[in-house]
Amino acid sequence: QVQLVESGGGLVQAGGSLRVSCAASGLTFSLYTMGWFRQAPGKEREFVAAIIWRGGGRYYADSVKGRFTISRDNAKNTVYLQMNSLKPEDTAVYYCAAALHGSKWFFPKEYDYWGQGTQVTVSS
């Protein structure tokens with residue numbers, strides 16, 4: 001079965017950094033576009049970043065551009081999200097997702113598989 005398992009969440013002070021990881025299994029990882037989404041209490045799940053399966057193009061929400069970096073290691077079947085200059089409004093559960101096809105990588109319904117999420121809390 002396909003599994004996406006996030007790790008690395010936790011509590012960090014505003015201005016600090018954190019890296020979350022997502023380890024995938026049960027799929028041909030290199031063929032999937034990988035995305036990160038986040039969801040805060042009472043809010044819709046929102047797109048954070050994506051890295052395309054071919055070419056490695058990276059895309060970011062405006063709210064995180066310049067602060068977050070998405071990367072992947074196909075040999076390890078892992079996608080990462082490096083988060084710098086964290087703000088309290090970044091507090092959310094962060095989810096990774098995998099999409100086999102499609103181009104609307106900012107749209108949750110584009111993704112075939114989801115992890116369970118990891119909590120990131122940024123204190124002021």
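Listing for the model above:
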quantity	calculated
Odd one out for Thr78 among (1) at pLDDT below 95; (2) surrounded by 15 or more Cβ atoms within 10 Å (Cβ to Cβ)	(1)
Residue list for region 102-123, filter: in contact with a Phe, Trp or Tyr (Cβ under 9 Å, 6 or more places away or on another chain) and not aromatic (Phe, Trp, Tyr)	Gly102, Pro108, Asp112, Gly115, Gln116, Gly117, Thr118, Gln119, Val120
Selection status of Leu4, at pLDDT 95 or above, touching a strand residue (DSSP E or B) at 6+ places or on another chain (Cβ under 8 Å), surrounded by 13 or more Cβ atoms within 10 Å (Cβ to Cβ) and within 16 Å of Gln116 (Cα to Cα)	yes
Within region 81-107, tally of residues that are under 26 Å from Leu11 (Cα atoms), of a type outside the set (S, T, N, Q) and surrounded by fewer than 20 Cβ atoms within 10 Å (Cβ to Cβ)	4
Test: residue in region 44-51 that is open to solvent by less than 20 Å² (accessible area, probe 1.4 Å), of a type outside the set (Val, Ile, Thr) and either under 14 Å from Ser7 (Cα atoms) or out of contact with any strand residue (DSSP E or B) (no Cβ under 9 Å at 6 or more places or on another chain) (or both)	no
Test result for Arg19, touching a residue at least 60 places away in the same chain (Cβ under 8 Å), basic (Lys, Arg) and within 17 Å of Ser85 (Cβ to Cβ)	yes
Segments classed as strands (runs of 3 or more DSSP E), wholly inside region 7-124, with at least 2 members that are more than 12 Å from the chain's Cα centre (by Cα)	10-13, 18-25, 118-123
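The values are calculated or read from the model by the stated rules, or taken from the named source; none is laboratory data. This structure is a prediction, so every number in the text was calculated from the model and none was measured. Virtual Cβ from ideal backbone geometry, glycine too; neighbours counted across all protein chains shown. Just the protein is used for accessible areas: all its heavy atoms, side chains included, with ligands, DNA and RNA removed. Shrake-Rupley method; radii C 1.70, N 1.55, O 1.52, S 1.80 Å.
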